[in-house]
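First up is the structure itself, then whatever we jot down about it.
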Amino acid sequence: MSLVGPIQLPHLSVLRLGHRRERDKRITSHLGLTARAFGADEVLLAGEVDSSALETWNSVSARFGGKFTSRHEDKPLSWLRQFAKDAGDGEPGVIVHLTMYGEPWREAIPKISTDRPTVVIVGGTKVPGEVYRLANHNISVGNQPHSEVAALAIFLESWVGPIDDENRFSGGEIKVIPNAEGKRVINLEEE
Ligand code: SAM
C-alpha cells in the first residue's frame, strides 16, 4: 500500500552502484528483478561490467512482459551530476538514495515529488560522499544494515504502491494467474 495514495509514476530508474561481478552476482540479479517487479522502468548498473545480469533481466522481460530496460553506466557520478541538473528535458531530476543513515522512509516518502523523472540509488560497496550530497532525499528503511533488495522493495512498495500488472507487463510469453490453490500459468506463445 502506498503511503501517498495512488500516484502517477514518473519515469523511474534504479542505479546500482559498485557492482562486483563475482561477489554480487545473485544479489544484483535479484535487485534488478525487484526493481522491475515493483515499478522501475530501468536499471543502470555501475561498477564492474557484467553482461550476465543484463541478460537475466532481458530474458525475464521477454518471458514475463513489459518494457523494462537495463544498461551499464561507466560514470555513475557524472551521470548523477547531469541528472541533478537535467533529466533529459532541461529540468532537474529527483535523486533518492537509500541508506541506513537517512531519514525514515515513512516520513520522507510524502515529501518526494512525483512529477519528475526519478532515480533511486542503492549501494554495494562504500557509497561515495558525493552521492549523499547530490541526493534530494537520503532515505532509510530502518536504521540497521540489511539488504539493498529489501530496502528497494519496501521503498518502492511504500512509494509507488501496487503495480497494475495487466498493463505494465503486457507482451510477454508467459502470464501468471494468481491462484490460492496452486500454480496457474498461461503460455501465450502457444495460444
Ligand atoms: N558493506 C557495505 C558498506 O559498508 O557500504 C554495505 C552494503 S549494504 C548491504 C548495500 C546497500 O543496501 C546500501 O548502500 C543501501 O543502499 C542499502 N541498505 C542497506 N541497509 C539499508 C537501510 N537500513 N535503509 C536503506 N537502505 C539500506
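Summary of computed values
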{"item": "Given charges at beta-carbon only (K, R positive; D, E negative), |dipole| of the chain in Debye", "result": "560 debye"}
{"item": "Exposure proxy ranking, count of Cβ atoms within 10 Å, fewest first, for Ser29, Ser170", "result": "Ser170, Ser29"}
{"item": "Relative contact order (%) - the range 22-85, alpha-carbon pairs under 8 angstrom, separation at least six", "result": "34 percent"}
{"item": "The chain: antiparallel DSSP beta bridges as a percent of all, rounded to 5", "result": "10 percent"}
{"item": "Estimated [θ] at 222 nm from DSSP helical runs (n ≥ 4, -39500 (n - 2.57)) normalised by residues in the chain, nearest 500", "result": "-9500 deg cm²/dmol"}
{"item": "Debye, to nearest 20: dipole size of the range 80-191, +1 on Lys, Arg Cβ, -1 on Asp, Glu Cβ", "result": "620 debye"}
{"item": "Likely footprinting exposure, Lys183, Lys111, fewest C-beta neighbours within 10 Å first", "result": "Lys183, Lys111"}
{"item": "Built amide H within the under 5 Å cut-off of Val94, gap 5+", "result": "Thr118, Val119"}
{"item": "For the range 127-132, Karplus couplings with θ = phi - 60° (6.51, -1.76, 1.60), whole Hz, Gly/Pro x", "result": "8, x, x, 4, 4, 4"}
{"item": "Relative contact order computed over the range 86-191 (Cα-Cα under 8 Å; 6+ residues apart), in percent", "result": "27 percent"}
{"item": "Residues Thr118, Thr69, Thr125 arranged by fewest to most Cβ contacts within 10 Å", "result": "Thr125, Thr69, Thr118"}
{"item": "5 angstrom amide H check on Val141, placed H, neighbours 5+ away", "result": "Thr99"}
{"item": "Sites matching trypsin sites (Lys or Arg not before Pro) across the range 38-97 that sit in DSSP coil, with at most 13 neighbouring C-beta atoms within 10 Å", "result": "Lys67"}
{"item": "Subset of Lys25/Lys85; Lys85/Lys111; Lys75/Lys111 violating a 22 Å alpha-carbon distance limit", "result": "Lys25/Lys85; Lys75/Lys111"}
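Bear in mind that the values in this text are calculations on the coordinates, not laboratory data. Worth saying up front: this structure is predicted, and the values here are computed from it rather than measured. When we count neighbours, we look across all protein chains shown, and the Cβ atoms used for this are built from the backbone with ideal geometry, even at glycine.
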